[in-house]
Amino acid sequence: MQYLEHLDDSHRSGVLELISAATNHDGVPPIAEHVVLHLRHGGDISDSHIIVCEGPTVVGYAHLDLTDEVEGPSVEIVIHPKYRGKGFAQEILTKAKEVAGIRMRLWAHGDVAAAKELALHNGFKRIRTVIQMRRSLIDALPEVDPSVQTRTFLPGLDDEEWLALNNRAFIDHPDQSKWDLNDLTIRLHENWFDPTGFFIATDKGIATAFCWTKIHGGHSHSHEGENEHHDHDPIGEIYIMGVDPAYAGRGLGKALTLAGLRYLRQNGIFSAMLYVDSDNEAALRLYKSLGFTEFGRDVLYRLDTHQLRA
């Protein structure tokens with residue numbers, strides 16, 4: 001086992017192969033999307049890593065983000081499907097606790113029994129649940145409110161205004177409200193990005209709400225030299241939807257979400273997904289009213305300091 005502040009090209013390639021193998025086996029990505037994006041683009045200089053290798057194969061990995069001074073360090077762990085049950089997860093978690101300290105948080109993608117058992121056995125308590133929801137796009141969609149003025153995102157022109165809007169909309173969500181220009185730029189250069197699927201509502205020229213869509217397993221535009229393989233039909237995602245708090249309660253969230261769903265369907269997508277916090281009652285009501293139902297859950301655990309002192 002190695003604790004590394006930076007991954008070299010060989011380790012990074014092995015970690016990405018491990019993440020891919022676990023995703024294909026479990027049907028759920030074991031590491032958050034933004035972490036995978038940073039890994040694919042060379043890594044984030046502020047992150048650190050724990051890896052376990054068997055010969056040349058990376059069989060266990062943990063990503064550590066020690067930078068959040070408010071919420072505390074966060075950790076995500078993945079073990080190769082062929083090497084589970086050998087104690088690697090416990091070994092990695094023990095090292096992660098040593099590095100991250102008593103404020104450590106642990107993400108489990110997919111509310112699975114093995115992750116829950118590992119977390120509880122090591123003194124963690126459940127503090128947050130994120131729900132994945134889905135709906136068919138074959139069924140009829142309501143009409144978009146014509147009074148809501150919308151346009152598509154203009155890369156290079158809307159960047160700073162959109163970042164400010166995003167950070168206001170998610171002021172109570174530390175991960176989402178701290179985006180900077182680099183976070184946005186990385187996504188704008190991903191092969192799935194299409195500005196025609198990124199909608200912004202405006203009021204007298206001011207951006208007030210937005211809906212950013214994403215297509216998994218298919219693209220509405222091509223990139224030379226790419227050769228992607230997917231073992232599932234394309235699915236559309238309401239990637240991020242946010243409303244300026246000053247404009248809440250005006251139906252902007254519904255209008256923008258519908259604009260996103262209609263865009264997905266117009267691009268031949270027949271199933272849509274999104275993520276929402278389980279305690280976000282307003283968003284849950286909105287999405288349920290638009291035909292979304294629960295599909296799966298991700299769980300955040302935190303070390304129980306009361307238990308540690310007991």
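Every read-out reported here was derived from the displayed coordinates using simple, explicitly stated rules and does not represent laboratory data. Keep in mind that what you see is a predicted model, and the values were worked out from it rather than measured. All Cβ positions, even for glycine, are placed from backbone atoms using ideal geometry, and neighbour counts span all protein chains on display.
Structural remarks
- Reachable lysines, given that their alpha-carbon falls under 23 Å from the alpha-carbon of LYS97 and they are not under 8 places away in the same chain: LYS86, LYS116, LYS125
- Working note: 222 nm ellipticity from helices only, DSSP H runs with n ≥ 4, each -39,500 (n - 2.57), summed and divided by the residues of the chain, gives -9500 deg cm²/dmol to the nearest 500.
- Tensor-based shape of the range 1-117 (alpha-carbon gyration tensor, a/c under 1.5 rounded, otherwise prolate or oblate): rounded
- Net charge contributed by nearby residues that have their C-beta within less than 12 Å of VAL59 (K/R +1, D/E -1): 0
- With only the Cα atoms considered, the chain has a convex hull volume of 145 Å³ per residue.
- The chain - charge dipole about Cα centre, Lys and Arg +1 at Cβ, Asp and Glu -1, debye rounded to 20: 1040
- A viscosity of 1.567 mPa s and a temperature of 4 °C, combined with the Kirkwood radius over C-alpha pairs in the Stokes-Einstein formula, give the range 260-310 a diffusion coefficient of 93 µm²/s.
- Extension gain for ILE206 to SER289 (0.36 nm times residue separation, less C-alpha to C-alpha distance): 27.1 nm.
- Here the label points at HIS25 and GLU160, each 7 Å from Cα along the C-beta direction, are separated by 4.8 nm in the simple model.
- Mean-position separation - Cα centroids, the range 174-199 and the range 270-295, in angstrom: 21
- Estimated dipole of the range 16-126 in Debye, rounded to 20 [Cβ of Lys and Arg +1, of Asp and Glu -1, Cα centre]: 400
- Within the same chain, lysines fewer than 8 places from LYS204 are excluded, and of the rest, those with a Cα less than 26 Å from its Cα are LYS254.
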